[in-house]
Amino acid sequence: MQRRFTLQALAAAAALAAAGALPAYAQSGGTIKVGVLHSLSGTMAISETVLKDTVLMAIDEINAKGGVMGKKLEPVVVDPASNWPLFAEKTKQLLTQDKVSVIFGCWTSVSRKSVLPVVEG
């Protein structure tokens, strides 16, 4: 069930980006950048590494079928290291430096609360 939801969510977000509903800078050439914001180190790595792998697998499957509206998805993986304030910094990096169209991550409520002001800002 989680895998199907992840595939559907990725496809929907990428379709919005390809259709121009998301900023044009988030699309580099023939790709749509997808941020992956899961802890790959620290206390939460044991559960979040699997989530990162699921997102990457979904991206691979979507790309193998031709991408979304002719554009391939390009994952940008960052590690906030189970450090809640670092989630906000990494989100800012994904949005401003890496120019992603969408971010998948924030497994815990505290990480989502950390990211919220950056995304809304």
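Here are the numbers:
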| item | result |
| --- | --- |
| Calculated from backbone phi, Karplus (6.51, -1.76, 1.60) coupling profile of the range 97-112 in Hz, x at Gly/Pro | 8, 7, 6, 6, 8, 8, 10, 10, x, 6, 5, 9, 5, 5, 5, 5 |
| Long-range amide H partners of Val36 with built H, under 5 Å | Val76, Val77, Val78, Phe104 |
| Segment Ala81-Glu120, length gained on full extension (0.36 nm per residue, minus Cα span) | 11.8 nm |
| Inter-probe distance in nm under a simple model that places probes 7 Å from Cα toward Cβ, at Ser41 and Trp107 | 1.6 nm |
| Within straight-line cross-link reach of Lys113, aspartates and glutamates at Cα separation under 20 Å, skipping those fewer than 8 residues along the same chain | Glu48, Asp79, Glu89 |
| Those trypsin sites (Lys or Arg not before Pro) in the range 26-121 that DSSP places in a loop and that have at most 13 other beta carbons within 10 Å | Lys65 |
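Values in this text are rule-based calculations from the coordinates and carry no lab data. No experiment lies behind these values; they were computed from the predicted model shown. In this analysis, Cβ positions are derived from the backbone assuming ideal geometry, glycine residues included, and neighbour counts consider all displayed protein chains.
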